Amino acid sequence: MLDNYQDLIDELLSAPSLIRGAVAAHGGEAPPEVLGLIIMLTERDAVVLERLNRMRREPNAHLRALTPLADAAPRAIDQPLDEALKTFDTNRGELVSLLMNLTLKDWERVATHEIEGEVTIADEVELHVESDEAVRARIEATLR
């Protein structure tokens, strides 16, 4: 079980460097759509961090469904790429830090999800990893 949690953490931990590598391979520049997708990932990390903290603190946390990111249209962003990547690194680092400090019992803490019913922290993290992978695939496809 612990290996599964470590795999989720590793997947999230590797994303910033994978995105940086894809941008570097594209000449260090990224079209506005990629910048918007990076911001979407950054914002979703903050939302997931808040949700996981609520699940840890509240005995009967209720979670609303999140908008799927796989097909979401990124909004226009007026921000330098380097700044967006740094913010992504920071938010992802905070999320990974929380995950690395969870006990085995914490991973199994439950909340009620408005669509999925009862979910654990592990379930929430797994959904976040899947969403993250879908957005990273969009970033890589856009940079090709």
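Below are the figures for this structure:
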| read-out | value |
| --- | --- |
| Helical contribution to [θ] at 222 nm, DSSP H n ≥ 4, -39,500 (n - 2.57), averaged over the chain, rounded to 500 | -23000 deg cm²/dmol |
| Under 14 Å, Cβ to Cβ, from Asp3 - net charge with Lys/Arg +1 and Asp/Glu -1 | -4 |
| GNM flexibility winner over the chain from Val47, Val125, Val110 (Cα, springs under 10 Å) | Val47 |
| Assigned charges on the beta-carbon of Lys, Arg, Asp, Glu; the range 2-143 dipole about Cα centre (debye) | 340 |
| Most mobile listed residue (Ala46, Ala65, Ala15) in the chain, GNM with C-alpha springs under 10 Å | Ala65 |
| Relative contact order of the range 49-144, defined on C-alpha pairs under 8 angstrom at six or more residues apart (%) | 40 |
| Estimated FRET transfer efficiency (Glu114, Ala73; beta-carbon r; R0 25 Å; 0.05) | 0.60 |
| Among Arg51, Arg75, Arg92, residue whose mean-square fluctuation peaks in a GNM of the chain (springs only between Cα atoms under 10 Å) | Arg75 |
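Read-outs throughout are calculated quantities, based only on the coordinates presented, and are distinct from any laboratory measurement. Keep in mind that what you see is a predicted model, and the values were worked out from it rather than measured. Note: ideal-geometry Cβ built from the backbone for every residue, glycine included; neighbour counts use all protein chains shown.
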